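Engineer: My structure is below; once you've seen it, I'll send some questions.
The values are calculated or read from the model by the stated rules, or taken from the named source; none is laboratory data. Keep in mind the model is a prediction, meaning the values are calculated, not measured.
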Amino acid sequence: MEEKAPYEAKAAKRNTDYEKLMTAYNKKHMRLKMMKNLRSQSLESMRNIEARYC
């Protein structure tokens with residue numbers, strides 16, 4: 001059992017590091033998706049305005 005302790009501690013640290021990394025990635029990814037959606041929505045609204053008045 002004592003032989004496994006260093007490996008288990010290292011694995012636990014890697015797991016927490018991985019979770020932090022994935023959380024940061026997901027936040028960034030969601031932000032990018034939201035920005036992309038806003039851009040497409042604003043383009044659509046601009047096209048609708050142009051279609052009405054042109």
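Yes/no matrix, rows are residues, columns are (1) in a helix (DSSP H, G or I); (2) modelled with pLDDT of 85 or more:
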site: Glu3; (1), (2): no, yes
site: Thr16; (1), (2): yes, yes
site: Lys20; (1), (2): yes, yes
site: Lys33; (1), (2): yes, yes
site: Leu38; (1), (2): yes, no
site: Leu43; (1), (2): yes, no
site: Asn48; (1), (2): yes, no
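Engineer: Could you check the range 15-54 and list, in sequence order, the residues that are charged (D, E, K, R) and under 20 Å from the mean Cα position of the chain (by Cα)?
Structural biologist: Start the filter on the range 15-54 by keeping residues that are charged (D, E, K, R), which leaves 17, 19-20, 27-28, 31, 33, 36, 39, 44, 47, 50, 52.
Selection gives Asp17, Glu19, Lys20, Lys27, Lys28, Arg31, Lys33, Lys36, Arg39.
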